[in-house]
Structure formats: structure tokens, C-alpha cells
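Please read the structure below before turning to the comments.
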Amino acid sequence: MREDITFVSDGRKLAGHLYLPDGPSAAQKLRAVVVVGASSGTKEQTPAAYSGRLIALGYAALAFDHSTYGESEGTPRSDENPFTKSEDIKNAVTFLTGRDEIDADRIAAVGVCGGGGFAPYTAVADRRIKAVATVSGLPDLRSTLTDGFAGDWHDLMRFAQSAREAYAQGDEAQYVPFMPPGEQGEWVENGKQYYLTDRNPDPNWKNQTLAWSFDKMLQYSALDIIHLLALRRCC
């Protein structure tokens, strides 16, 4: 069963899908998993696929659109802000703790690709998340940029700051393609085979990243604090 839900994260209303396993559950509260998708992704993409697998195993699963993405609020759109995404995950956990059918002491998180960094990064501080799993995790956006994913990162920072100033002066927000044109590295080309083909289940997904997302991405690496993620009893 899928329920369309909303919850508030730092003043923005976020849209989500709460997946519940079929069959009676009143006698025992459900274990729950927050499913965090890839950077730029929406709840209809990989989070929906993994949520379906989780409910088949008897878990409840929450997939949601992060701030500025999909059906969730927030402007300018497509702001790939790791720190805001971490707050969104915390508020998703808070939403689950308020549901009568959920066992608030047995909440986990699964992160896919970029979510494989956001989920453990958040779990370091949010101890309500009792277990974390990642799938093809991309935990270090800083190195992604400094290794040249989008060109020379110094030029990218200058572009980001210029776009930020122009927006403050009344210009339209500036964007770059999330999946850049031309031949890129292997993992980017693999991503294009998903996002830019009919394998992508969300026709409303946008191939764009806000220009000044990149200075926030440069500041972020889950590897900085991952050593603080202690072993936990699996839920």
C-alpha cells in the first residue's frame, strides 16, 4: 500500500510516499526505512524501486522529494545542497516517529548513489537512525569536483559565486546540466543510460543543477565524519 504524505522540513513542505506492507500490522509496530535517492533524483526513481523491495520484506518505507526537487517546495529549484538534504532526512525520521504504526526505535536508512553519502552523514548526528545501508554510494562530492567532474573546480567556484550575485540582483537562477554533455567518465556515462533514457521512471525529472550548488558540494564529504558512525544493533 502506498500513501501520499507531506511533512515540513525547515519551513518547506516536502512530498513523499509512505509504503506499508500488505496485511494486518496493528498487533506489532512496523520497522521503517527512510530511502534516500541519488543526487538530483526524485521519489519516483530509485527510492520507489527500493521501497517496493523493502515492503516485500515486511518493512515500512518512506521515499520523498528533497527540498527544491520534484513535488516538494523550495526555490530556486534543483539546489543540490548536501546540508539541506541532511536536514530533510532528519525531518523524514521525525515524520515516521509520529506515525502510530511505526516503531520509533527501529528506524533505518538506505542511501543510493549520492544518498549513500547523505544517509550515513545524517545518521552520525541523528541517533534515531539505528542502521544504515548504502547502494553504489557516492559519499565524497568534494573529490568529485576537485577530480574534474565539471571542469576546473576553481573556475566552477567563480561561476557559482557570479551566478549567486546575479540572482541576488534580480536575474533568473542559472543552471548547468546534471548529466553533462559530451563524453565523460564511466560512472557519468552509466548514469546517462538511466536518467536520459526511457529507463527513467519520472518524466518530470529535470536534468539541471543550480549553479551555486557547487560551492556547497565542495564543502561536503561524508568521509570527514564517517568514523563517528558507531556500529549499531540492526533493526
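A few comments on the model shown:
- On Cα atoms only, tilt of 153-168 relative to the major axis of the chain in degrees: 80 degrees
- Rounded Å value of the spacing that divides the Cα centres of region 1-43 and region 74-150: 14 Å
- The solvent-accessible area of D171, taken with every protein chain present and a 1.4 Å probe, is close to 90 Å².
- Since only V33, F64, T94 are under comparison, the one whose Cα sits farthest along the positive direction of the charge dipole of region 1-110, derived from C-beta charges on Lys, Arg, Asp and Glu, is V33.
- Simple point charges give the picture: +1 on the Cβ of Lys and Arg, -1 on the Cβ of Asp and Glu, and for the chain a dipole about the Cα centre of about 920 debye.
- Segment L229..M179, full-extension length gain: 14.9 nm, with 0.36 nm per residue of separation and the alpha-carbon distance subtracted.
- Dipole size of region 41-126 about its Cα centre, with +1 on Lys/Arg Cβ and -1 on Asp/Glu Cβ: approximately 240 debye, rounded to the nearest 20.
- Kirkwood Rh in Å, taken over the chain so that all alpha-carbon pairs contribute: 18.3 Å
- Annotation: Cα Rg of region 1-44 relative to the compact-globule expectation 2.2 N^0.38 Å equals 1.40.
- When you filter the trypsin sites (Lys or Arg not before Pro) in region 109-157 for DSSP loop state and at most 12 other Cβ atoms inside 10 Å of their Cβ, you are left with R127.
- Value of [θ]222 nm, deg cm²/dmol, for the chain, DSSP H segments ≥ 4, -39500 (n - 2.57) each, nearest 500: -10000 deg cm²/dmol
- Computed magnitude of the charge dipole of region 182-235 (debye, nearest 20; Cβ of K, R +1, Cβ of D, E -1): 360 debye
- Kirkwood hydrodynamic radius of region 147-191, from inverse mean 1/r over distinct Cα pairs, in Å: 12.1 Å
- Here is the list for region 145-194: GluC sites (Glu not before Pro) lying in DSSP coil, each with at most 13 other C-beta atoms within 10 angstrom of its C-beta, are E172, E183.
- Rg and Dmax, both from the Cα atoms of region 1-75 and both in Å, are 12.7, 42.
- D (Stokes-Einstein, µm²/s), Kirkwood Cα radius, region 94-222, 1.567 mPa s at 4 °C: 76 µm²/s
- The C-alpha atoms of the chain define a longest principal axis, and helix 186-195 lies at about 70 degrees to it.
The values are calculated or read from the model by the stated rules, or taken from the named source; none is laboratory data. These figures come from a predicted structure and were not determined experimentally. As a convention, Cβ positions derive from the backbone with ideal geometry for all residues, glycine included, and neighbour counts pool all protein chains shown. Only protein heavy atoms, including side chains, enter the accessible area calculation; ligands, DNA and RNA are left aside. Shrake-Rupley method; radii C 1.70, N 1.55, O 1.52, S 1.80 Å.
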